[in-house]
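No value in this document is a laboratory result; all are computed from the given coordinates. The shown structure was predicted, so the numbers you read here are calculated from the model rather than taken from an experiment. Every residue, glycine among them, receives a Cβ derived from its backbone with ideal geometry; neighbour counts consider all protein chains shown.
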Amino acid sequence: MAEPSGHTLLTQALGVINRAIEAHKDASPWREIVARTSAADPVRTFGVAICEGDPRRVVDQYSIRAHEGRFEVVEHGRLEPAIDWEVSVDHLERIVAHPDRFIDAPELLGLGWLEDRLAIRRGAKRRSAWRIGRARRPR
């Protein structure tokens, strides 16, 4: 079997990412990713640089779109948005080769860049209302 092209590899990896987000959409940060890319918000576009070996050796570039927690390739080549996600060919190949592993443990996908780009604070708990502006807890 021939190795997939960059476009096919990215599309297959995005399919696994979409399945992982769908499987964990009720848990944080996946719930927030779905909410921030929902129909009420504008469709968000992100730049992806696929690297081989050295991270500065970009072999391909794409624009991807996020809508309601699902990703799809929009454009190939020169990017209008800045590069948001630098990902190695090896990582994409691992995602495609072992989809169940990444769906079961989506933190292995390496989507911290997406949380940063969507302004999702990792690990931060929402402050309780009674603590904000009050000297002590009401009884």
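If neighbour count is taken as other Cβ atoms inside 10 Å, put ASP90, ASP60 in order from fewest to most. Please list the in-between numbers first.
Numbers: ASP90 11, ASP60 17.
Least crowded to most crowded, the residues run ASP90, ASP60.
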Towards the positive end of the charge dipole of the stretch 6-121, with charges on Cβ (+1 Lys, Arg; -1 Asp, Glu), say which of LEU114, SER88, ILE17 has the farthest Cα.
LEU114
By the C-alpha gyration tensor axes a ≥ b ≥ c (rounded if a/c is under 1.5, else prolate when a/b exceeds b/c, else oblate), the shape of the stretch 6-121 is oblate
Using 0.36 nm per residue of separation minus the Cα-Cα distance, give me the extension gain between HIS98 and VAL58 in nm, one decimal.
12.0 nm
